[in-house]
1. Which of A:Leu409, A:Ala495, A:Val484 sits farthest toward the positive end of the charge dipole of region A:145-511, with +1 on the Cβ of Lys and Arg and -1 on the Cβ of Asp and Glu?
2. Mind listing which trypsin sites (Lys or Arg not before Pro) in region A:459-504 are in a DSSP loop and have 10 or fewer other Cβ atoms within 10 Å?
3. Find, among the chymotrypsin sites (Phe, Trp or Tyr not before Pro) in region A:83-170, those assigned to loop by DSSP (not H, G, I, E, B) with at most 16 other beta-carbon atoms within 10 angstrom.
4. Only residues of region A:487-510 count here: report those whose backbone N is under 16 Å from the spot 7 Å along Cα→Cβ of A:Leu332, or say none.
5. Pairs A:Lys353/B:Lys25; A:Lys223/A:Lys488; A:Lys223/A:Lys381; A:Lys353/B:Lys20; A:Lys104/A:Lys440; A:Lys24/A:Lys461: which exceed 27 Å Cα-Cα?
6. At a Förster distance of 25 Å, what's the computed FRET efficiency of B:Leu83 paired with B:Ile55, Cβ-Cβ distance as r, to 0.05?
7. Extension gain A:Gln455-A:Ala207, at 0.36 nm per residue separation less the Cα-Cα distance, in nm?
8. Can you give the log10 of the normalised intensity I(q)/I(0) at q = 0.06, 0.09 Å⁻¹, computed with Debye over equal Cα scatterers of the protein assembly as shown?
Amino acid sequence: MSVPLPVFIAIPLVSAFLLPIFGKKGKAIATVLANLATVSLLVLAVLSIGQSRVYEIGKWSIPLGINLVLDGLSSLLLLAISVVSAAAMLFSARYMEQYTAKAKYLSLFLLMVAGMNGVVLSGDIFNLFVFLEIASIASYALVGFGCEHEELEASFKYMVLGSIASIFILFGIALVYGNTGTLNMAYISKAIQSMSLSEANGSGLNAGLMFALALFIVGFGLKAALVPFHAWLPDAHPSAPAPISAMLSGILIKTLGIYALCRVVFNIFGISVSIGWLLVVLGILSMVAGAFLAIGQWDLKRLMAYSSISQIGYVVLGIGLGGLIIAKGGNLAWASLAILGGLFHLVNHAVYKSLLFLTSGSVQMATGTRQLREMGGLAEKLPVTRATCTIASASIVGIPPFSGFWSKLILVVAAIQAHFYWVAAIIVFVSLCTLIMYLKVQRYVFLGELPENLQQVKENKGTMLVAMIFLACLCVLMGLLLLVPSLKQSILDPAVKVLTDGLLYSANIIGK
Amino acid sequence: MPYALCFLLFMIGLYCAVVKKNMVKIVIGIMVMEYAVNLFLIMLGYRTGGEAPIIDKGHLESASTFAKFVSSAVDPLPQALVLTAIVISLGSLALMISICIRTYEKYGTFDITEIRRLRG
């Protein structure tokens with residue numbers, strides 16, 4: 001069944017504007033409606049797996065009009081967005097009762113989802129910017145939703161860096177438009193290819209386009225919180241309400257950062273050896289620095305936020321390694337294996353990191369604190385939270401049947417096959433650091449002695465548990481995505497092919 | 001030359017946003033950057049002595065008048081982009097300023113060196 005593409009943007013956008021009408025009295029109706037919206041998005045995303053097509057808005061053919069493009073990479077990201085947002089929305093149905101203005105929260109949440117869906121579907125680079133801003137502005141507001149000291153400070157910091165990133169991206173878009181005369185991504189790519197054919201030295205980017213590429217890398221790198229640009233993330237993610245932390249860490253940095261970066265670098269400009277190395281170095285820096293900083297944290301959510309930086313490093317490393325092998329003209333099989341590892345890790349991380357943040361929210365709601373030193377012995381008091389948190393920790397560390405193991409295994413195999421032995425060593429080493437990090441969480445939160453003041457703690461009920469168990473089941477089953485050939489061929493392989501094909505993107509779009 | 005000045009404006013904004021300690025000044029710096037980019041977009045489509053890109057009957061009379069129109073009309077696309085970008089920056093400006101006000105209510109200062117509860 002083919003789902004019309006604008007529906008993915010229209011459903012969350014329309015419901016986002018409808019929800020505030022219900023106000024304080026209709027809180028229950030608003031919650032149900034918002035959940036309906038995210039669940040229907042999940043169903044639509046599942047239905048559109050394995051399809052690829054172009055939708056022209058208002059029947060204006062490209063390059064005159066704006067197009068929406070669904071291809072393998074987009075549908076992978078759509079699936080991840082809708083899974084995480086459905087779980088987080090279900091969780092917030094109960095969790096957000098402690099805040100006022102729940103309808104406004106739900107509306108901002110759906111705006112963010114609409115922005116992210118728009119980013120992954122857009123085939124027009126300026127439209128991508130507009131949707132990126134919708135998602136970012138909603139997320140700035142959501143980080144500061146509590147309106148307490150820390151939240152406002154984190155939100156301001158995030159907003160300043162996020163706005164600078166957006167301005168860099170806009171500047172890059174202006175430069176690209178000045179050099180190629182079009183905003184459609186397929187046509188930009190075509191123009192850049194014909195420019196590089198006409199130039200003698202073959203590396204066809206002129207100074208303006210090189211500068212634009214640098215601006216894009218800095219801008220999207222800031223949005224993705226890669227290591228030299230990561231300063232905002234450890235403040236912003238812990239300060240948000242738990243379901244929003246799950247959305248931000250689980251999927252927002254990937255959609256606005258990694259996805260957009262891949263699209264620009266692989267499909268528009270074309271990967272080169274230097275850019276491949278740059279991505280590999282950024283990835284390794286993020287992995288190592290994020291892991292080291294995380295081990296020293298005593299705030300539960302802050303620890304998880306640093307570990308997000310480290311895990312994002314894995315994704316960028318995998319994709320960069322694949323790009324590097326392609327650019328060097330190496331074996332395409334290993335290149336696609338590395339990219340497969342990166343993208344699979346992206347999806348896995350979306351699931352288990354959002355689950356970890358949801359469990360941290362559950363712990364915080366039950367105990368009223370996020371400090372590891374003030375907790376302990378909660379294993380008996382919060383059995384479900386404990387079980388789901390252990391599953392998520394096992395996944396992030398990479399213990400065999402769970403999801404994280406498979407993606408890390410693929411990354412290591414790809415690195416060894418491509419003779420990057422030191423990269424494989426670093427991947428394994430950072431896994432060990434991750435193990436220490438999450439043993440610390442298990443030890444201080446769930447084991448040890450129960451403090452006096454936490455004797456009365458009770459497990460949370462209702463939708464919060466449903467959301468956590470849903471994600472935990474996914475964590476266990478995600479390995480099947482790789483092991484069952486039909487699932488792999490319909491979900492992961494098309495996404496990898498989009499990146500390995502690189503500049504063929506423009507021919508695919510224009511040809512249709 | 002105008003491009004260099006525009007870039008200078010961008011760098012002034014960036015300097016202001018990165019170096020200043022006052023929250024409101026940081027917001028002003030970000031907005032200066034935003035305006036520099038908008039100015040750059042407008043200049044991309046500008047033509048000295050150009051005309052408005054609206055076709056009327058006179059332009060369609062013969063191939064030569066149409067070619068003259070095409071070569072003298074201003075590029076309308078950057079103007080549409082700038083309108084969109086201005087609306088977006090208005091939204092984020094409103095949010096930034098409101099967060100500044102809320103922060104001032106909580107901390108009683110705009111100085112970011114004194115607003116430091118988050119560390120690491």
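Rule-based calculations on the coordinates, nothing more; no lab input. Quantities reported herein were computed from a predicted structural model and do not represent experimental measurements. Cβ placement follows ideal geometry from the backbone for every residue including glycine, while neighbour counts extend to all protein chains displayed.
1. Most positive-ward Cα: A:Val484.
2. Listed in order of number, the matching sites are A:Lys461.
3. Within region A:83-170, the qualifying chymotrypsin sites (Phe, Trp or Tyr not before Pro) (loop, at most 16 other Cβ atoms within 10 Å) are A:Tyr99.
4. Flagged as within label range: A:493-508.
5. Violating the 27 Å limit, Cα to Cα: A:Lys353/B:Lys25; A:Lys223/A:Lys488; A:Lys223/A:Lys381; A:Lys353/B:Lys20; A:Lys104/A:Lys440.
6. The formula returns an efficiency of 0.75 here.
7. This chain segment gains 82.8 nm when fully extended.
8. -0.31, -0.71
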